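The structure appears below as structure tokens.
The values are calculated or read from the model by the stated rules, or taken from the named source; none is laboratory data. Keep in mind that what you see is a predicted model, and the values were worked out from it rather than measured. Note: ideal-geometry Cβ built from the backbone for every residue, glycine included; neighbour counts use all protein chains shown. Calculation scope for accessible area: heavy atoms of the full protein, side chains included, ligands and nucleic acids excluded. Shrake-Rupley method; radii C 1.70, N 1.55, O 1.52, S 1.80 Å.
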Amino acid sequence: MKRIEKIFPDYFQRFKLPDGAREESIMVYRACRSGKCDKNSFLPSFEESGYVLNPMADSADPGQYSLSTFEKPTDVKRFAGVISDMKVPYQIAIGETNPRHGLVQRTKERTKKRTSHVDWWLYKDASPYEEFEMIDNFEEHLQNYIKKRDEKK
């Protein structure tokens, strides 16, 4: 396993990491645009958008520079449905936010959004995709999740 230095990309000078950003392992889902667990499916939002900020969002929002992940499969499906180039059936990966790749924060800790979204600010040479795996049948996985959740109620 290659050693990753705890150095953020140069564009991190454009914003301030939130106070709550920390090293934490959280089981999360990631919508994979390329359909695989690879670098292209694990680009932080700023890189994914060609290093351009979303004009509809707050330019000071540190979330514009993070990798978007979700704790709940229902939320990652909603997110995938909003992405115009995501193909159905959605290709979703599951894994943990390993602290060796960067810092995380649950978005609801700093915003009023009620979501399972987790911002993950990756270090320069991070390769989290190597530790994630694709879910073979996401719809089946989702139905099992919903069934278990409903049984707990």
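Can you name every residue in region 59-75 that is more than 29 Å from N144 (Cβ to Cβ) and either of a type in the set (G, A, S) or not in a loop (DSSP other than H, G, I, E, B) (or both)?
S59, A60, P62, G63, Q64, Y65
Being more than 13 Å from the chain's Cα centre (by Cα) and open to solvent by 100 Å² or more (accessible area, probe 1.4 Å) is true for just one of R114, R149, R110. Which residue is that?
Step by step, each of R114, R149, R110 is checked, and only R114 is more than 13 Å from the chain's Cα centre (by Cα) and open to solvent by 100 Å² or more (accessible area, probe 1.4 Å).
Do you know which residues across region 117-146 are touching a residue at least 60 places away in the same chain (Cβ under 8 Å), in a strand (DSSP E or B) and open to solvent by 10 Å² or more (accessible area, probe 1.4 Å)?
L122, E133, M134
Just the residues that are closer than 18 Å to D38 by Cα and either free of Cβ contacts under 8 Å to residues at least 24 places away in the same chain or open to solvent by less than 80 Å² (accessible area, probe 1.4 Å) (or both), please, taken from region 95-107.
G95, T97, N98, R100, H101, G102
Filter region 1-55 down to residues that are touching an Asp or Glu at 6+ places or on another chain (Cβ under 6 Å), closer than 16 Å to H101 by Cβ and in a loop (DSSP other than H, G, I, E, B) and give me whichever is most open to solvent (accessible area, probe 1.4 Å).
So, considering only residues that are touching an Asp or Glu at 6+ places or on another chain (Cβ under 6 Å), closer than 16 Å to H101 by Cβ and in a loop (DSSP other than H, G, I, E, B), the one most open to solvent (accessible area, probe 1.4 Å) is S25.
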